[in-house]
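Peer 1: Below is a structure I'd like to ask you about.
The values are calculated or read from the model by the stated rules, or taken from the named source; none is laboratory data. Since we're looking at a predicted model, the values are computed, not measured. Please note: Cβ atoms are built from the backbone with ideal geometry, for glycine as well, and neighbour counts cover all protein chains shown. To get the accessible areas, we keep the full protein, side chains included, count just its heavy atoms, and leave off ligands, DNA and RNA. Shrake-Rupley method; radii C 1.70, N 1.55, O 1.52, S 1.80 Å.
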Amino acid sequence: MKLALIHPQIIRSTGVETFLIEFAKRLVTAGHELTYITSLTTPEIGAALPGRWELLPRIRGSATMRMWHFNRLAPRAAAEARVDLSIGFGRTCAQDIHRNGTGTHRLYGNLLPLWQRYSVKHLFELHLERRLYTGRETRRFVTSSARVASQLQGIYGTDGERFHILSPPVETQLFKPAENRANVRELLCRKLQTDTAKPVLLFISLSHRRRGLEPLLEAMKSTDATLWIAGKGLNAVQRDFVNRNDLSSRVRVAPVTSNLVELYQAADWFVHPTQYDAFSNTVLQSMACGLPGLVSVMDGAVDHVRNGENGFMLYHPQQPQELASRIQEALSLGETQWQALSNAARETVVSLTWERHMAEWAALLD
């Protein structure tokens, strides 16, 4: 089948682009002929992805202008490529299938500071989202979770028959429980200067405000545990909070170069009190490593969490007292109960392989 993949930039950057690159490689392996419609890539990626490249002009100016320009040119380029189907991954309104990897911008925008919420860029993104889901230029929508599909249908009144739910894949051969968890835990605790006698909570984020670090730090004041923070360091305000509340001995920032697999394998609980996420890969990765989590209901990945069976749900993640209470509930479990949750977490996601994901796409494309 001849397919066009449409995205403003095909580089190694966000989770959407990382997915697109691996997805393209597997489509080529399956025998499809690809055309890449973009305005930015790199020689490395161009050489790694066989197919025809249609590089659209990348105009100077604001991000809003580039978004408008690409959205204007991409549908025409897809039509001229004479492909069987076109698949869009960004803020384009006209393609056969749109794969939503970022969730509902309308809801995400409510979390932005006031000055960003009323910026030209944000308002234009809202315009494009409304046009995408209320128009007929795109036939089908692929979302990572039923939660996101439901949000979009509720906001824009889009016909539910146009949505297909395809859970993201997880590399279960990489993300797996340690063969000797006790050894990995002891080594990591030494490396991060952590008291091995205390339970370890793991928090991973590149956007601490949205992912709920502040209420988590507040909850740590009444929690007898250690918190490992990975992905991004603390800002001055957060460091001051840690110092003022005598948390410096129990809060550790893992180096950027830290191996996430080892962190998952060594921690006792994954804590994810996000205010909004379309679908955090970290949730599936932690579960694949046998690390049970406390996962916010505001993340689409919570579709895979069965409360009390393979993890716990956080219903009000921004309320520090409730967050502290849920953490205490998790920490009160015995080793047998924890192991049961660990086994169930791994079992839940072990079948979510790339092979299964591509088979689901094949059925959709047919």
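Peer 1: In whole angstrom, how far apart do the alpha carbon centroids of segment 1-61 and segment 201-227 sit?
Peer 2: 36 Å
Peer 1: Something else about it: Quick check on segment 216-366: take the gyration tensor over C-alpha atoms, sort the square-rooted eigenvalues as a ≥ b ≥ c, and tell me if it's rounded (a/c under 1.5), prolate or oblate.
Peer 2: Values: a/c = 1.91, a/b = 1.62, b/c = 1.18.
It comes out prolate by the Cα gyration axes.
Peer 1: If you don't mind, another one. Determine the sum of side-chain charges near PRO320: Lys and Arg each +1, Asp and Glu each -1, restricted to other residues whose C-beta is under 10 angstrom from that of PRO320.
Peer 2: Overall, the nearby charge balance is -2.
Peer 1: Now for a different question. Show log10 I(q)/I(0) for segment 104-145 at q = 0.14, 0.20, 0.33, 0.35 Å⁻¹, two decimals, from a solvent-free Debye sum over equal Cα scatterers.
Peer 2: -0.38, -0.68, -1.13, -1.19
Peer 1: Angle check, please: helix 181-191 long axis (alpha carbons) against the longest principal axis of the chain (alpha carbons), in degrees 0 to 90, nearest 10.
Peer 2: It works out to around 90 degrees.
Peer 1: Between their Cα atoms, which of LYS2/LYS176; LYS121/LYS232; LYS176/LYS198; LYS25/LYS191; LYS198/LYS232; LYS121/LYS191 are more than 31 Å away from each other?
Peer 2: Over 31 Å Cα-Cα: LYS2/LYS176; LYS25/LYS191; LYS121/LYS191.
Peer 1: Follow-up. I'm checking a number: the convex hull volume of the Cα atoms of segment 265-324, normalised per residue, in Å³. What is it? Could the numbers behind the result be given before it?
Peer 2: Numbers: hull volume 4.3 nm³, N = 60.
Taking the convex hull of the Cα positions in segment 265-324, it is 72 Å³ per residue.
Peer 1: Could you give log10 I(q)/I(0) at q = 0.16 Å⁻¹ for segment 185-240, computed by the Debye formula over C-alpha point scatterers of equal weight, without solvent?
Peer 2: With one equal scatterer per Cα and no solvent, log10 I(q)/I(0) is -0.52.
Peer 1: To the nearest 10 degrees, how steep is helix 320-331 against the longest Cα principal axis of the chain, on a 0 to 90 scale?
Peer 2: Result, in degrees: 70.
Peer 1: Still on this structure, I have one more. Taking square-rooted eigenvalues a ≥ b ≥ c of the alpha carbon gyration tensor, is segment 1-87 rounded, prolate or oblate, where a/c under 1.5 means rounded and, failing that, a/b exceeding b/c means prolate?
Peer 2: Cα axes put segment 1-87 in the oblate bin.
Peer 1: Report the normalised scattering of segment 133-245 as log10 I(q)/I(0) at q = 0.10, 0.19 Å⁻¹, calculated by the Debye formula with identical scatterers on the alpha carbons.
Peer 2: Each listed q corresponds, in turn, to -0.55, -1.04.
Peer 1: Of all accessible surface on segment 27-100 at a 1.4 Å probe, what whole percent is carbon and sulfur?
Peer 2: That share works out to 52 percent.
Peer 1: May I pose another question? In what sequence, highest mean first, do 9-17, 261-269, 46-54 appear when ranked by Cβ atoms within 10 angstrom?
Peer 2: Those peptides, ordered most packed to least, come out 261-269, 9-17, 46-54.
Peer 1: Which is farthest toward the positive dipole end of the chain among LEU187, ALA230, GLY46, measuring Cα position about the Cα centre, with Cβ charges +1 (Lys, Arg) and -1 (Asp, Glu)?
Peer 2: GLY46
Peer 1: Taking θ as phi - 60°, what are the ³J(HN,Hα) couplings along segment 37-51 by the Karplus curve (6.51, -1.76, 1.60), each to the nearest whole Hz, with x for Gly and Pro?
Peer 2: Whole-Hz 3J(HN,Hα) from phi for segment 37-51: 10, 7, 10, 7, 8, 10, x, 4, 6, x, 6, 7, 10, x, x.
Peer 1: Of all accessible surface on segment 237-366 at a 1.4 Å probe, what whole percent is carbon and sulfur?
Peer 2: Details: 2660 of 5420 Å².
Carbon and sulfur atoms account for 49 percent of the accessible area of segment 237-366.
Peer 1: May I ask for the distance between the Cα centers of segment 89-125 and segment 313-355, given as a whole number of Å?
Peer 2: 30 Å
Peer 1: Work out the P(r) tail for segment 208-304: percent of alpha carbon pairs separated by more than 19 Å, whole number. Mind dumping the intermediate values first?
Peer 2: Values: 1984 of 4656 pairs.
Cα-Cα pairs in segment 208-304 separated by more than 19 Å: 43 percent.
Peer 1: Residues with beta-carbon under 15 Å from that of ASP84, excluding ASP84: net charge, scoring Lys, Arg +1 and Asp, Glu -1?
Peer 2: +1
Peer 1: Starting from the Cα of VAL16, step 7 Å along the direction of its Cβ; do the same at ARG130; then give the gap between the two resulting points in nm.
Peer 2: Computed distance between label sites VAL16 and ARG130 equals 1.9 nm.
Peer 1: Right, next: Take every Cα pair under 8 Å in segment 78-140 that's 6+ residues apart, average their separations, divide by the length, and report that relative contact order as a whole percent. Each step should come with its number before you reach the end.
Peer 2: On the way: 58 pairs, mean separation 24.2, N = 63.
Dividing the mean separation by the residue count of segment 78-140 yields 38 percent.
Peer 1: Separate question: Given the -39500 (n - 2.57) contribution per DSSP H run of 4+ residues, what per-residue ellipticity at 222 nm results for the chain, rounded to the nearest 500 deg cm²/dmol?
Peer 2: Details: 16 runs with 160 residues, N = 366.
That calculation yields -13000 deg cm²/dmol at 222 nm.
Peer 1: Can you send over the carbon and sulfur percentage of the accessible area for segment 157-231, probe radius 1.4 Å, protein chains only?
Peer 2: On the way: 1680 of 3580 Å².
Roughly 47 percent, rounded to a whole number.
Peer 1: Can you give the local net charge around LEU331? Use residues other than it whose beta-carbon is closer than 11 angstrom to its beta-carbon, Lys and Arg +1, Asp and Glu -1.
Peer 2: Neighbourhood net charge equals -1.
Peer 1: Once the piece of chain linking ILE155 and GLN319 is laid out straight, how much longer is it, given 0.36 nm per residue of separation minus the C-alpha distance between them?
Peer 2: Here the segment from ILE155 to GLN319 would lengthen by 56.5 nm.
Peer 1: In Å², what does the accessible area per residue of segment 173-214 work out to with a 1.4 Å probe?
Peer 2: 59 Å²
Peer 1: Volume per residue, Å³, of the convex hull around the alpha-carbon atoms of the chain?
Peer 2: 147 Å³
Peer 1: Using the Cα centre of the chain as origin and beta-carbon charges of +1 (Lys, Arg) and -1 (Asp, Glu), tell me which of GLN116, ILE97, LEU166 is placed farthest towards the positive end of the dipole.
Peer 2: Farthest along the dipole direction, towards plus: GLN116.
Peer 1: Would you work out if segment 49-177 is rounded, prolate or oblate? Take a ≥ b ≥ c from the square roots of the eigenvalues of the alpha-carbon gyration tensor; rounded if a/c is under 1.5, else prolate when a/b is larger than b/c, oblate otherwise.
Peer 2: Taking the square roots of the gyration eigenvalues as a ≥ b ≥ c, segment 49-177 is rounded.
Peer 1: Tell me the per residue accessible area of segment 1-149 using a 1.4 Å probe; a whole number in Å² is fine.
Peer 2: Dividing the accessible area of segment 1-149 by its residue count gives 49 Å².
Peer 1: Could I get the Rg over Rh figure for segment 299-366? Both from C-alpha atoms, Rh via Kirkwood, rounded to two places. All intermediate terms of the calculation are to be shown ahead of the outcome.
Peer 2: Details: Rg = 16.1 Å, Rh = 14.2 Å.
Taking Rh as the inverse mean 1/r over Cα pairs, Rg/Rh reads 1.13.
Peer 1: Sticking with this one: Got the relative contact order for the chain handy, in percent, Cα pairs under 8 Å and 6 or more residues apart?
Peer 2: Worked out over the chain, it gives 14 percent.
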